[in-house]
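J.: Take this structure first; my questions come after.
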Amino acid sequence: MAEECGLMAPIGQWVLLEACKQAQAWRDSGLGVVPVSVNVSAAEFGAKDFLSEVRAVLIATGVEPEHLELELTESVLMHDAEAAVVTLAKLKVMGVQIAIDDFGTGYSSFTYLRRFTSDALKLHQSFVHDITAEPGDAAIVSAMINLGRSLKQRVIAEGVETRAQLKFLQRHGCGEAQGYYFSPPVVAEQASSLFKDGIREDVVH
């Protein structure tokens, strides 16, 4: 609905600003650097002032560019792939991290995947859900992890809900994961408590 009403870009700009404000607030409170990831919609990414908005938010909040990761889906990037290559390159010059979200669900070609100056591939939860039960899904996820690593990308698995899924991903070289196994979504104050308490030992190891 926000897309249809033309509100997605300003909403996205607000989200980016608030996320960076919160990251800096955590740092100022003594929690140290807390990198944040922010999803970027097609309306934002295609806006002519997108790069200047990102730069303005970083300056206004004091967040270092390398501590901000922008997540873009394959479909957003491939909407105008040549323009995306240019914009991503400029973001990298800025120092911002880039993640390709929902990897495997879009239609990006390997040619463009090589040209997109991204830092991470995020495996969609639909692939992760049955990796311990379906040999086909397990094979696909293993291949995607290998592809990401061969391209020097961080590989992040979405939708991890069980220890068995986590162990599978660790065995196959997936370096990062997110999902309800670690924590449900929480408000900033609860997140601060999680940071202070540290991550459970069984998650770390």
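J.: Along Cα→Cβ, 7 Å out, is where each label goes; now give me the distance between the ones at Ala143 and Glu189 in nm to one decimal.
T.: 4.9
J.: Identify all lysines with a Cα-Cα distance to Lys196 below 30 Å; exclude those on the same chain that are fewer than 8 residues away in sequence.
T.: In chain and number order, the partners are Lys21, Lys122, Lys167.
J.: By how many nm would the segment from Asp28 to Asp49 grow when fully extended, if each residue of separation counts as 0.36 nm and the alpha-carbon distance is taken off?
T.: This chain segment gains 4.6 nm when fully extended.
J.: So what is the relative contact order of the chain, in percent, for Cα pairs below 8 Å that sit 6 or more residues apart? Display every interim value, and only then the final one.
T.: Values: 278 pairs, mean separation 28.3, N = 205.
Relative contact order of the chain: 14 percent.
J.: Taking 7 Å along the Cα-to-C-beta vector as the label spot, tell me the Val86-Lys196 distance in nanometres, rounded to one decimal.
T.: Between Val86 and Lys196, the label points sit 4.9 nm apart.
J.: Over the stretch 149-192, calculate the relative contact order: mean separation of alpha carbon pairs under 8 Å at least 6 apart, over the residue count, as a percent. Working shown, then result.
T.: Values: 38 pairs, mean separation 18.1, N = 44.
For the stretch 149-192, the relative contact order is 41 percent.
J.: Highest mean first, what order results for 169-176, 61-68 on Cβ atoms within 10 Å? Don't jump to the answer; show the numbers that get you there.
T.: Details: 169-176: 15.6, 61-68: 17.4.
The packing order, highest mean first, is 61-68, 169-176.
J.: Cα centroid distance between the stretch 1-27 and the stretch 99-157, in Å?
T.: Value for the Cα centre distance between the two parts: 26 Å.
J.: Continuing with this model, one more query. Over the chain, what percent of the accessible surface lies on carbon and sulfur atoms, probe 1.4 Å? If you can, show how the numbers build up before the last one.
T.: Numbers: 6150 of 11050 Å².
For the chain, the apolar C and S fraction of the accessible surface comes to 56 percent.
J.: A further question follows. For the stretch 39-52, in order, what is each residue's ³J(HN,Hα) by Karplus, 6.51 cos²θ - 1.76 cosθ + 1.60 with θ = phi - 60°, in whole Hz (x at glycine and Pro)?
T.: 6, 10, 7, 4, 5, 5, 4, x, 6, 5, 9, 4, 5, 5
J.: Rounded to the nearest 20 Debye, what is the dipole magnitude of the chain about its Cα centre when Lys and Arg each give +1 and Asp and Glu each give -1 at the C-beta? List each step's numbers first, then the result.
T.: Details: 17 positive and 27 negative charges, 147 e Å.
Dipole about the Cα centre, nearest 20: 700 debye.
J.: Additional query: Roughly how much of Ile59 is accessible, in Å² to the nearest 10, using a 1.4 Å probe?
T.: Surface open to solvent at Ile59 totals about 130 Å².
J.: Okay, next question. What distance in nm lies between label points placed 7 Å from Cα along the C-beta direction at Ser150 and Glu176?
T.: For Ser150 paired with Glu176, the spin-label model returns 2.2 nm.
J.: Peptides 121-132, 150-161: what's the order by average Cβ count within 10 Å, highest mean first?
T.: Details: 121-132: 19.9, 150-161: 18.2.
Going from most to least packed, we get 121-132, 150-161.
J.: Set the Förster radius R0 to 30 Å, insert the Cβ-Cβ distance between Thr111 and Glu18 as r into 1/(1 + (r/R0)^6), and round the FRET efficiency to 0.05.
T.: Working: r = 36 Å, r/R0 = 1.21.
Efficiency computed from Cβ-Cβ geometry: 0.25.
The values are calculated or read from the model by the stated rules, or taken from the named source; none is laboratory data. Just so it is clear, the structure is predicted and the values come from calculations on it, not from any experiment. Positions of Cβ are generated from backbone atoms using ideal geometry, with glycine treated the same way; all protein chains shown enter the neighbour counts. Note: areas computed on protein heavy atoms with side chains; ligands, DNA, RNA excluded. Shrake-Rupley method; radii C 1.70, N 1.55, O 1.52, S 1.80 Å.
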